[in-house]
Amino acid sequence: MEENKDSSAYFFVHIDTPDAIAHKYGPNSPQYYTELSNITYLLNRELIQKIDPKTAKDTLLLLTADHGSVDVDIEKTIYLPKTALPMQTGANQEPIAPTGSYREIFLHIEEQKLAETKQWLNKKIGDKAQIIETTEATEKGLFGINKVSEGFFERAGNLLILPYGNETIWFKNPQEREINYLGQHGGLSSQEMLVPFAVANLGNLKEKSIQK
């Protein structure tokens, strides 16, 4: 750092506690807002107040998140038996288990039974979730605007379950424990997809801090 002290620099800091707390207690819980207050306080005390004015003036602070989050009612989670679906088998000749989470479920369904399975799921949970083939979701841009690779389809499977509102859906075997998170992300609600993006000059923040 000493050799490059006169050149520009970029520092990336990832704070994972808001995500962990949102999962455990929900994004609208007192615990979540307390954590946001703690981060704001430490940012002010350890960075804004301690940085020298000249450096602060030349420093831009960017704050954002990789996703939002939504409160869910785990008591109303719909569990479907894995054995009800014709899953593809993996290299070990075992059925490929559902992946993702209970706000976005990725299924590897036998190709010859894909349409039949989609129809069955629509009858079973069509009022609770959108059932969509991965190829259609890709064409609609749900995975970005660039062309996806074959490796993506190998991982994402060929059928998606995207619960509406605050609904949660999962597949469960008798020996598996039930889900216990009160907050989740991965769905198509605005709370999950839209994220804040804040830009501020540290010099301006420092001046406001001093004025207080």
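Quick note: the coordinates plus some simple rules give every number you see, no bench work behind them. The model shown is predicted, which means the values in this text are computed figures rather than measured ones. Positions of Cβ are backbone-derived with ideal geometry, glycine not excepted, and every protein chain shown enters the neighbour counts.
Cβ crowding within 10 Å, taken as a proxy for footprinting-reagent exposure, orders VAL13, VAL70 from fewest neighbours to most as VAL13, VAL70. Farthest towards the positive end of the charge dipole of segment 71-189, among the residues PHE153, GLY141, ILE96, is the Cα of ILE96, using unit charges on the Cβ of Lys, Arg, Asp and Glu.
In this label model, LEU61 and ASN146 are separated by 3.2 nm, measuring between points 7 Å along each Cα→Cβ vector.
This model, with +1 at the C-beta of Lys and Arg and -1 at the C-beta of Asp and Glu, gives segment 71-189 a dipole about its Cα centre of some 120 debye.
Can you bin segment 1-104 into rounded, prolate or oblate? Criterion: square roots of the alpha carbon gyration tensor eigenvalues sorted a ≥ b ≥ c, rounded for a/c under 1.5, prolate for a/b above b/c, oblate for the rest.
Values: a/c = 4.99, a/b = 2.00, b/c = 2.49.
Oblate shape, in that a/c is at least 1.5 and b/c is the bigger or equal ratio.
Between GLU75 and GLN191, what is 0.36 nm times their sequence separation minus the Cα-Cα distance? Round to one decimal in nm. Each step should come with its number before you reach the end.
Numbers: separation 116, 0.36 × 116 = 41.76 nm, distance 2.06 nm.
Difference between extended and current length: 39.7 nm.
Stretching the chain fully between ILE15 and GLN93 yields a gain of 24.1 nm (0.36 nm per residue, less the alpha carbon separation). Between ASN122, ASN44, ASN146, the Gaussian network model of the chain with springs among Cα atoms under 10 angstrom shows the greatest mean-square fluctuation at ASN146. Measuring max minus min along each principal axis, the C-alpha atoms of segment 98-212 give extents of 67, 36, 26 Å (largest first). Footprinting exposure proxy ranking of ARG103, ARG155, fewest other C-beta atoms within 10 angstrom first, gives ARG155, ARG103.
In this simple spin-label model, placing a label point 7 Å from the Cα along the Cα-to-Cβ direction at both GLN31 and ALA84 gives a separation of 3.1 nm.
For the residues GLU111, GLU133, what sequence is obtained by ranking on other C-beta atoms within 10 Å, fewest first? Provide the component values of the computation, followed by the final result.
On the way: GLU111 10, GLU133 16.
With the fewest neighbours first, GLU111, GLU133 line up as GLU111, GLU133.
Remark: relative contact order (the chain) = 36 percent; criterion is Cα-Cα distance under 8 angstrom and separation of 6 or more residues.
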